[in-house]
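The values are calculated or read from the model by the stated rules, or taken from the named source; none is laboratory data. Given the structure is predicted, the values throughout are model-derived calculations rather than measurements. Neighbour counts are summed over all protein chains in view; Cβ atoms, including those assigned to glycine, are modelled from backbone coordinates with ideal geometry. Protein only, heavy atoms only, side chains kept; ligands, DNA and RNA dropped before computing areas. Shrake-Rupley method; radii C 1.70, N 1.55, O 1.52, S 1.80 Å.
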Amino acid sequence: LEGLFRSDATLSGRLRVDMPTAMAHNIVLPRLSEFLAEHPGIDLEISSSDRRVDLVREGFVCVLRIGDLSDTTLVARNLGDFDMVNCVGAGYARRNGTPQNLADLQHHQLVHYVMGFGSNTALFEYQEDGKTRTLPMPRSVAVNNVQAYEAACIGNLGIIQSPRMGMKQHLIAGDLIEILPQYRPTPMKISLLYAHRRHLPERCKVFMDWLQGLIAEHNIV
C-alpha cells in the first residue's frame, strides 16, 4: 500500500551519466545495487573516464565533476568538497625521507597530473592564510589519468596530491604515507552538471539526490 502512493515507485527510462573513474570505482559502483533495487525500472548507463564529455551531444542527462568548472553554460548543483591529502609511497619515504616544510620540497619529486602532455610546470599546491598558493617542483613523471597517478605514488615515484577519499585504504594499509598535513591543497569541489533545470527528468532528480547522500557519507569537509 505504501508503494502505491510513492510518486517515484514507477520511475523508468534510460539515464546516462558520466563521472570520473575514481568516483565510479570507489563510491558509486560498490553501492549502485541499492539504487537499482529501489528503482528497477531505470536503465542506468554509467560512463567513467577522465576526459571532458560533451553533455548534450553525447546524450548525458548529467555529469559529475570534481574541481573547478569551466563550462558556465550548464546548470551546476554543488554536492560539497573533498578533503585533500599529500602522499608518498612507503618505499619513497624510506629511500628519500619526507619533507618537513616547503623548503624541503626542492629535494623531492612530484608526480605531475596533466590533462594534456607538453604543457605547464609541475606545481605543489597548498593553502596559506586562506589563499591558494603554488610552488614549482621537480617532477618524476607526468600522467593523464587517476589510476596511473595513484599507481605512480604507490610505485614510489614521488608526491601526489589527491582527495583523501581515494587514498584512504592505502593510508590505512601503510602503502602510502601522509606528508605536510599543514600544507594541504584547497578542497576540491564536487558538482553535478546538467543542461536544463526546467526539463530535468524525475529519474535524474532521484538519482542526483541518491548520489548526494552517498557522497555525504565519505570524507567531506
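Checking each residue in the range 45-77 for being of a type in the set (A, V, I, L, M), over 24 Å from ASN144 (Cα atoms) and open to solvent by 50 Å² or more (accessible area, probe 1.4 Å) picks out VAL56, ALA76.
Listed by position, the strands (runs of 3 or more DSSP E) enclosed by the range 126-221 that each have at least 3 residues that are over 30 Å from VAL56 (Cα atoms) and either out of contact with any Pro (no Cβ under 8 Å at 6 or more places or on another chain) or open to solvent by less than 50 Å² (accessible area, probe 1.4 Å) (or both) are 131-136, 139-143, 176-178. Number of residues in the range 99-125 that are closer than 18 Å to TYR183 by Cα and open to solvent by 50 Å² or more (accessible area, probe 1.4 Å) equals 8. Taking first residues from the range 155-179 that are touching a residue at least 12 places away in the same chain (Cβ under 8 Å) and on the phi > 0 side of the Ramachandran plot and partners that are open to solvent by 40 Å² or more (accessible area, probe 1.4 Å) and assigned to a strand (DSSP E or B), the Cβ contacts under 7 Å between residues at least 6 apart in sequence or on separate chains come to GLY158/SER140. Taken over the range 90-124, residues that are modelled with pLDDT of 95 or more, of a type in the set (Val, Ile, Thr) and more than 16 Å from GLU150 (Cα to Cα) amount to 1. For the range 7-32, a residue qualifies if it is open to solvent by 30 Å² or more (accessible area, probe 1.4 Å), free of Cβ contacts under 8 Å to residues at least 40 places away in the same chain and within 21 Å of the chain's Cα centre (by Cα), and the qualifying residues are HIS25, LEU29, PRO30. Identify all residues within the range 154-178 that are within 19 Å of GLN106 (Cβ to Cβ) and either touching a His at 6+ places or on another chain (Cβ under 9 Å) or acidic (Asp, Glu) (or both); write none if there are none. GLY158, ILE159 - these are the residues of the range 154-178 that are within 19 Å of GLN106 (Cβ to Cβ) and either touching a His at 6+ places or on another chain (Cβ under 9 Å) or acidic (Asp, Glu) (or both).
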